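Have a look at the structure below, then the notes.
The values are calculated or read from the model by the stated rules, or taken from the named source; none is laboratory data. Note that the coordinates shown come from a computational prediction; the quantities given were computed from them, not determined experimentally. In this analysis, Cβ positions are derived from the backbone assuming ideal geometry, glycine residues included, and neighbour counts consider all displayed protein chains.
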Ligand SMILES: Cc1ncc(COP(=O)(O)O)c(C=O)c1O
């Protein structure tokens with residue numbers, strides 16, 4: 001049975017390969033230190049788990065979710081309030097807020113909602129995979145916009161050829177950025193709005209990591225810029241700020257027309273979010289936020305342990321100002337290897353798993369990503385193992 005061409009066009013999912021290597025290493029009895037996936041290792045806040053349990057006992061919550069239900073309305077209001085408090089952005093909870101079954105779902109469906117076969121989507125590379133995979137699945141034309149450390153991993157919009165811009169209908173952006181940990185300031189967003197206005201290009205900004213910031217950096221919202229709401233939307237999620245990755249709840253805010261079209265697309269394929277999860281999400285957004293500060297402290301400690309550790313053994317690596325990722329070039333000694341070959345060697349030789357940069361697109365070649373989802377003591381053990389590997393090969 002032949003799968004559809006759109007599936008054949010998708011790049012190899014490199015995590016599957018790394019997962020298989022991890023599985024084999026574990027079978028050999030290796031205790032794999034896993035920096036591969038960005039899946040938080042700590043639980044959601046206790047009061048949020050408690051709310052989920054209570055809400056799961058309510059019979060009405062077991063029915064299909066409906067946009068005009070009370071639970072649904074309360075969640076949209078909580079999202080709007082949270083946005084106002086955090087970013088001073090005022091949103092209409094009924095038209096400018098759309099909850100999602102995780103932001104990944106919404107990002108994929110956005111491409112499906114807008115791209116015809118001759119429409120281009122501009123995706124900075126490297127990127128979080130659904131930004132480009134969603135375009136391919138929808139049958140649109142994917143154009144990678146290269147990002148380099150020299151430009152602070154910001155796309156150079158002026159360098160995109162005019163003919164490409166003319167055919168472009170969508171651009172995906174995401175700061176703080178996965179996988180590079182790069183950040184931007186509000187001036188960059190002002191430039192984006194200026195560039196996109198009048199071009200009929202939807203700007204989809206993914207703000208997943210706005211809470212995971214260090215060293216005094218504050219992540220702006222794209223919607224803080226005047227005119228942004230006319231051309232764009234912003235995705236967010238509870239997966240990272242509240243350790244609710246497996247719960248599948250995120251949201252998108254901004255341009256009401258775009259949200260209506262996205263909602264229409266979704267109405268043909270899903271029935272919304274389990275209402276008990278919506279109630280718990282409302283509790284997370286409205287409840288005490290010191291949980292988030294504690295998580296940031298923990299990630300900072302891990303970031304410092306990893307980056308200081310890598311630098312101390314000669315693997316030159318920069319500290320990111322945000323996200324729980326560390327993006328670093330393959331050590332010079334191994335520069336003849338591809339990112340996948342190097343990541344494979346790490347698992348096979350020392351039982352340390354990282355994500356190969358090419359899992360995030362072609363411009364990720366030569367790099368690997370560490371996700372800070374292992375405790376500090378295990379990070380230190382990993383540094384010891386990496387040190388041995390680097391010395392062995394000297
Ligand atoms: C940039 C970015 N966007 C979206 C997501 C997906 O988040 P969710 O769990 O809400 O689908 C992730 C998850 O790692 C991410 O890194």
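Restricting attention to segment 108-127, does a residue exist that is near the ligand (Cβ under 9 Å from one of its atoms), closer than 26 Å to residue 277 by Cα, outside the structural domain of residue 360 (by TED's automatic domain parsing) and surrounded by 20 or more Cβ atoms within 10 Å (Cβ to Cβ)?
Step one: filter segment 108-127 for residues near the ligand (Cβ under 9 Å from one of its atoms), giving 127.
From what is left, the residues that are closer than 26 Å to residue 277 by Cα are none.
No, segment 108-127 has no match at all.
Can you confirm whether residue 76 is away from the ligand (no atom under 16 Å from the Cβ), at negative phi and under 23 Å from the mean Cα position of the chain (by Cα)?
Values: away from the ligand (no atom under 16 Å from the Cβ): yes; at negative phi: yes; under 23 Å from the mean Cα position of the chain (by Cα): yes.
Against the criterion (away from the ligand (no atom under 16 Å from the Cβ), at negative phi and under 23 Å from the mean Cα position of the chain (by Cα)), residue 76 qualifies.
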**Item:** Long-range neighbours under 6 Å by Cβ, at least six apart or interchain, first residue touching a residue at least 40 places away in the same chain (Cβ under 8 Å) within segment 226-239, second in a strand (DSSP E or B) and within 7 Å of the ligand (Cβ to nearest atom)
**Value:** 235/206; 237/250
**Request:** Go through segment 13-30 residue by residue and tally those that are touching a helix residue (DSSP H, G or I) at 6+ places or on another chain (Cβ under 9 Å), more than 16 Å from the ligand (Cβ to nearest atom) and either at pLDDT 95 or above or assigned to a loop (DSSP other than H, G, I, E, B) (or both).
**Result:** 1
**Asked** Would you call residue 348 surrounded by fewer than 17 Cβ atoms within 10 Å (Cβ to Cβ), free of Cβ contacts under 8 Å to residues at least 40 places away in the same chain and not assigned by TED's automatic domain parsing to the domain that holds residue 236?
**Response** no
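Filter segment 224-236 down to residues that are touching a strand residue (DSSP E or B) at 6+ places or on another chain (Cβ under 8 Å) and either over 24 Å from residue 324 (Cα atoms) or in a helix (DSSP H, G or I) (or both), then give me how many there are. Outline the logic, then answer.
Going residue by residue through segment 224-236, those that are touching a strand residue (DSSP E or B) at 6+ places or on another chain (Cβ under 8 Å) are 228-229, 231-236.
Of the ones still in play, those that are also either over 24 Å from residue 324 (Cα atoms) or in a helix (DSSP H, G or I) (or both) are 228-229, 231-232.
Qualifying residue count, segment 224-236: 4.
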**Request:** Mind telling me which of the residues 134, 102, 181, 140 ends up being crowded, with 17+ Cβ neighbours inside 10 Å, within 16 Å of the ligand (Cβ to nearest atom), closer than 14 Å to residue 202 by Cβ and in the same structural domain as residue 274 (by TED's automatic domain parsing)?
**Result:** 134
**Message:** Of everything in segment 33-75, what is free of Cβ contacts under 8 Å to residues at least 60 places away in the same chain, part of a helix (DSSP H, G or I) and within 22 Å of residue 93 (Cα to Cα)? Give them in sequence order.
**Reply:** 70, 73
